[in-house]
Amino acid sequence: MAYIPPLVKLFGKSPFKPLHEHILKVNECVNQLKPLIEAFVDQDFKKVNEIAERISKLEHEADIIKNNIREHLPKTLFMPVDRCDILMFLKEQDTIADRAEDLARMLEVRETKLPVELKEDVLKFTNKVIETVNALEVAAGELSEVIESSFGKHEISKVLKLIHNIDKKEWEADKLVLKLLRKLFEVENKLDPISVLHLERLIHTMDSVADHAENAGDRLRTMVARR
Amino acid sequence: MSKMESTFLVIVLFIGFYKAVNIGANDVANSMGTSVGSKTLTVAKAVILAAVLNFLGATLVGSNVTDTIRKGIIDPSAFTFEPTVFMYGAFAAMLGSAIFVSTSTYLKLPVSTTHAVVGGLIGFGLITAGYSCINIDKLIAVVLSWLISPLFGGILAFLLFTCVKRWILDSPTPFESTKKILPYLVFLIFMIISLSIFLKSPNLKFSLIYAVGISISIAFGSGVICYHLLKGYKPGEIDHYVPVERLFGYLQVLSACSVAFAHGANDVANAIGLVAAVFHVAQTGSVVMEVPVPTWLLAMGGIGLAIGICTFGYRVIETVGERITEITPTRGFSAEFSAATTVLICSKLGLPISTSHTIVGSVIGVGFARGINALNLGIIKNIVLSWIVTIPIAALLTIFIYQGIQFTL
């Protein structure tokens, strides 16, 4: 083993590359919600189970990346962004995958019937939630450019615009939640009470996927904005 | 000259050479580390460049620091009537610092050879002539320079990188801005290198105005050449930072070369400074304030540095390439250029500073301008600890060795 000069020891392990790997994994996990909900709409529960397993596996992989980042972030590490911001961002990002997994598990444990009236809006809502997370992935991907420019204001304003896009998608998703819930309670008499409650919880869990994407966007904002 | 005396001189030469090899191997990462890390240079190219430029720096500009190390901290007039005491004391100081540095390297501690030599000299002064021969003012100045050099390098790097950031990285058209600003940066680099060569080189005795004039001409010429080379340069990539970093790669290599040059100039004295003193005493039998350092001795030091770089230094550089991966040429250039400037200024002033600690300071400076992804600031603690420990231990080792020599003779 050769002598390691102080200059080499000065360079720490950067968290930004694994941070990007993490959002890619989370995004991949959330993208699985589309086939999952499609299978649910078709009431194909065998397929639901299959996709739920896949989601669970992706969530676990994201967890491994997350833990790896946390383990290599000592307090003495000096970074261009606040260490706390990175950890909070990571946590929000990770909760996105957690919620997606929760949703998949909920579909797995009970074969709830979906009323025909809701089918179209459920698919629309799912797409919107996925779009929100996709928007986060795009914004977080630009972080490398911000770092490359050493936090130049041009690159920062680009990312801020992209974060604004996440907020917009989340807001649209929220509107769809309201519409969906209204429709659900309009047809509540046709369903048994447990199904109503289950569907209601499914909608809220799906919504929290988008909520945490918005929160992660907020964290990204504090990370890149000028200190 | 007696047979014993010539054997002694050969041993002194050998230790000086051994130290030069050691310094070359340990410090090559300082100049070439960021270039290899950013993949601008391959390991082999970096090693060859470092070897050649260290040699040139040592032979062309090496003598200034040599003087200070010898005559600044301890007062040679105390030995005017005891030339043999001076010779054996200098020998003990050399051996003491060499053993200290080799052991620390083995234990992977970030000590500086320069600091160890100062410690050895103090031990030598204390044991031979006592407390009175140590020039306390000079010692304080030297210790302060250890603190100031990383700080100065850091501030310079911070300012330089902030300018690069404002004018280039944050411009709406980074590549076009790079083309505009690059010639000025090339001017700056060549100005610093030429000034350091022409102002006080022992072999080229130029007057101040002549040296400044010739430096400006060289720097201006290089700037103009750079401008013309860039005129037709078109970026091939879509990503707007890739061609910018590619152009800065050339600057990074240039500034890495100036660090290698400055390192040769600054650190050769650690190896051969005392060798020159011993030889002078052996030849003339007198201890005087100013001893000319023969060019052959500087060249020998330079060759030692080069050999160290090509052998063990090669392995050090390989580790660097694996461990420093997240530095880009814009950052590397800012850090290296600032370190080179700091080291060359300090060499001119005759301050024996550590090149390693200066480059660490410069990289931290770039980090504070939000230029580097992750810096392990825990290293600062180790460096400060090494400052505190080096002088007393190297001094003690020297005292023991001197006592040992007295006992045997």
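The values are calculated or read from the model by the stated rules, or taken from the named source; none is laboratory data. Please read these numbers as outputs of a predicted model, since none were measured by experiment. All Cβ positions, glycine included, derive from the backbone under ideal geometry; neighbour counts span all protein chains shown. Just so you know, the surface numbers come from the protein's heavy atoms only, side chains and all, with ligands and any DNA or RNA stripped out. Shrake-Rupley method; radii C 1.70, N 1.55, O 1.52, S 1.80 Å.
In table form, for the structure just shown:
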| quantity | calculated |
| --- | --- |
| Principal axes of the range A:74-132: Cα extent on each, largest first, Å | 56, 24, 9 |
| The range B:328-369 versus the range A:17-80: alpha-carbon centroid distance in Å | 43 |
| Inter-chain shielding of B:362-373 (mean C-beta neighbours from other protein chains, 10 Å cut-off) | 5 |
| Per-residue ³J(HN,Hα) for the range A:147-158, Karplus 6.51 cos²θ - 1.76 cosθ + 1.60, θ = phi - 60°, Hz, x for Gly and Pro | 5, 4, 7, 6, 6, x, 6, 5, 5, 4, 5, 4 |
| Gained length - B:Gln403 relative to B:Ser217, 0.36 nm times residue gap less alpha-carbon distance | 61.5 nm |
| Using θ = phi - 60° and Karplus 6.51 cos²θ - 1.76 cosθ + 1.60, couplings along the range B:42-55 (whole Hz; Gly, Pro as x) | 7, 4, 4, 4, 4, 5, 5, 4, 4, 5, 4, 6, 4, 4 |
| Rounded to the nearest 10 Å², the accessible area of B:Ser31 at probe 1.4 Å | 0 |
| Fluctuation leader among B:Met32, B:Met94, B:Met300 - chain B, Gaussian network, Cα springs under 10 angstrom | B:Met300 |
| A:Arg70 accessible area, 1.4 Å probe, all protein chains in place, Å² to nearest 10 | 100 |
| Area accessible to solvent at A:Glu21, 1.4 Å probe radius, in Å² | 90 |
| Accessible-area order (highest first, 1.4 angstrom probe) of the listed residues A:Glu170, B:Glu326 | B:Glu326, A:Glu170 |
| Using a Förster distance of 45 Å, the FRET efficiency for A:Asp63-B:Val10 (Cβ separation, nearest 0.05) | 0.10 |
| Distance cut-off 21 Å, percentage of C-alpha pairs in chain A lying past it | 58 |
| P(r) tail fraction, the range B:263-350 - alpha-carbon pairs more than 20 Å apart, % | 56 |
| Relative contact order, percent, the range A:107-168 [alpha-carbon distance under 8 Å, six or more residues apart] | 35 |
| Under-5 Å amide H pairs with B:Ile74, H placed in peptide plane, nonlocal only | B:Asn135 |
| Whole-Hz ³J(HN,Hα) from phi, Karplus 6.51 cos²θ - 1.76 cosθ + 1.60, for the range B:335-342, glycine and proline x | 5, 5, 4, 5, 5, 4, 4, 4 |
| Probe 1.4 Å, all protein chains present, accessible-area order of B:His240, A:His164, largest first | A:His164, B:His240 |
| Pairwise label distance in nanometres, B:Glu82 with B:Arg315, each label 7 Å out on the Cα-Cβ vector | 4.2 |
| Amide H within-cut-off set for A:Phe78, under 5 Å, with H built and near neighbours excluded | B:Leu375, B:Asn376, B:Leu377 |
| Amide hydrogen neighbours beyond the local backbone of B:Leu41, cut-off 5 Å, H modeled | B:Val36 |
| Degrees between helix A:83-109 axis and first principal axis of chain A (Cα, 0 to 90, nearest 10) | 20 |
| Protein accessible surface hidden between A and B, which excludes ligands and nucleic acids, total in Å², probe 1.4 Å | 3800 |
| Pairwise FRET efficiency - B:Ser102 versus B:Thr284, Cβ, R0 = 22 Å, nearest 0.05 | 0.10 |
| Across A:Lys153/B:Lys180; A:Lys25/A:Lys168; A:Lys13/A:Lys66; B:Lys165/B:Lys348; A:Lys9/B:Lys39; A:Lys9/A:Lys75, pairs whose alpha-carbon gap is larger than 25 Å | B:Lys165/B:Lys348 |
| Three semi-axes of the equivalent ellipsoid, the protein assembly as shown, Cα gyration tensor, whole Å, largest first | 65, 26, 17 |
| Over chain B, relative contact order from alpha-carbon pairs under 8 Å, at least 6 apart, % | 41 |
| FRET efficiency, B:Leu147 to A:Lys161 (Cβ-Cβ, R0 35 Å, nearest 0.05) | 0.20 |
| Sum of -39500 (n - 2.57) over DSSP H runs of 4+, divided by residues of chain B (222 nm, nearest 500) | -27500 deg cm²/dmol |
| By accessible area with a 1.4 Å probe, ligands and nucleic acids excluded, highest first: order of A:Lys57, A:Lys124 | A:Lys57, A:Lys124 |
| Highest-MSF residue in chain B out of B:Phe55, B:Phe279, B:Phe17 [GNM, Cα springs under 10 Å] | B:Phe279 |
| Calculated diffusion of chain B, Stokes-Einstein form, Kirkwood radius summed over Cα pairs, 37 °C and 0.692 mPa s, µm²/s | 151 |
